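What follows is one structure encoded as structure tokens, with my remarks underneath.
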Amino acid sequence: MEPAKILVVDDERSILVLLKEALSQWGYHVTTAASATEALGVLKSELFDALITDIRMPDMSGLELLREVKKQDESIEVVMMTGYPTIASAVQALKEGAYDYLSKPLILDELRHLMSRMMERKFLRGEIHTLRARLGEELTVNELIGTSVPMERVKEIIGKVAVTGSPVLIEGESGTGKELVAAAIHRLSSRAKRPFIPVNCSAVRFRARWPTPSASSAAQMRERSFSTKLLNCLPHSRSSSCGFSRRCRCGRSARRRRFPSTSG
């Protein structure tokens with residue numbers, strides 16, 4: 001197993017020398033930088049497991065460096081250190097994603113235990129990610145039962161579309177396994193860490209929102225609606241009362257209005 005790579009950033013040369021010597025003795029591969037700008041340049045050309053940085057530096061603060069590092073690679077663990085510790089700066093550093101916060105002068109035994117815990121956590125997170133990926137592949141294979149040529153073709157297509165970010169339309173009769181195929185695509189995609197939520201669209205109630213009609217179409221709709229109402233109101237000429245509650249054939253409002261009977 002290769003030693004973990006640590007980047008140490010501080011504008012004090014004595015701190016850089018001390019930490020490089022101590023971390024090297026503990027089995028780490030150490031690179032130093034005298035400023036945050038230099039550290040960002042090194043991070044672009046090399047990969048590191050952890051970063052130890054001072055908070056107060058002339059060109060860029062340690063908190064700003066922390067934000068930039070997390071933008072580039074969230075897996076890098078960051079330890080902040082300062083000779084002017086305050087509760088506010090400690091809380092801010094932890095909120096920004098720092099693993100821990102140390103005050104100067106550093107206690108080497110404390111730093112050694114901290115590094116051990118941090119590297120163990122990073123290793124376990126990597127193992128969990130690997131196992132999840134393997135488990136997703138195994139579940140995908142086991143849930144899709146069948147070794148026929150069409151099923152092998154389906155599995156091949158799943159593997160191809162899962163690595164893309166394009167929407168996928170899955171068609172088939174009810175009970176053929178469309179949801180299983182969708183779940184397999186999800187587990188093999190870059191969104192596998194996020195939840196997979198199937199939705200039965202036919203069971204979802206919604207109210208369609210139609211566009212507002214224009215003036216001409218609105219007039220046509222009213223005319224068509226009025227014609228329908230007249231047809232519904234035709235029996236009033238042969239009945240003693242009109243049961244239509246809005247408009248009758250005479251064009252006037254009819255609230256249960258009674259008309260004279262025309263029958264003999």
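Throughout, read-outs are computed from the coordinates displayed, never taken from laboratory work. Here the structure is a predicted model, which is why all the values come from computation and not from measurement. A quick note on method: Cβ atoms are made from the backbone with ideal geometry, for glycine too, and the neighbour counts reach across all protein chains shown.
Observations, loosely collected:
- Pairs exceeding a 22 Å alpha-carbon distance, out of Lys44/Lys71; Lys70/Lys104; Lys70/Lys122: Lys70/Lys104.
- Shape summary: the range 5-127 maps onto an equivalent ellipsoid whose semi-axes, from the alpha-carbon gyration tensor, are 18, 17, 16 Å in decreasing order.
- Under 5 Å, built H, 5+ apart or other chain: amide partners of Thr32: Val8
- Nearby aspartates and glutamates by direct alpha-carbon distance to Lys5 (threshold 12 angstrom, same-chain neighbours under 8 apart not counted): Glu46, Asp49, Glu77
- q = 0.27 Å⁻¹, the range 144-201: log10 I(q)/I(0) [Debye, one scatterer per Cα]: -1.31
- Taking amide H positions as modeled 1.01 Å from N, with prolines and chain starts lacking one, the residues under 5 Å from Leu102 and 5 or more places away or on another chain are Met80, Met81, Thr82.
- Inter-probe distance in nm under a simple model that places probes 7 Å from Cα toward Cβ, at Ala22 and Asp59: 2.5
- FRET E, pair Phe123, Arg153, Förster distance 35 Å, beta-carbon r, rounded to 0.05: 0.35
- Spatial separation of Cα centroids for the range 174-193 and the range 17-91, in angstrom: 41
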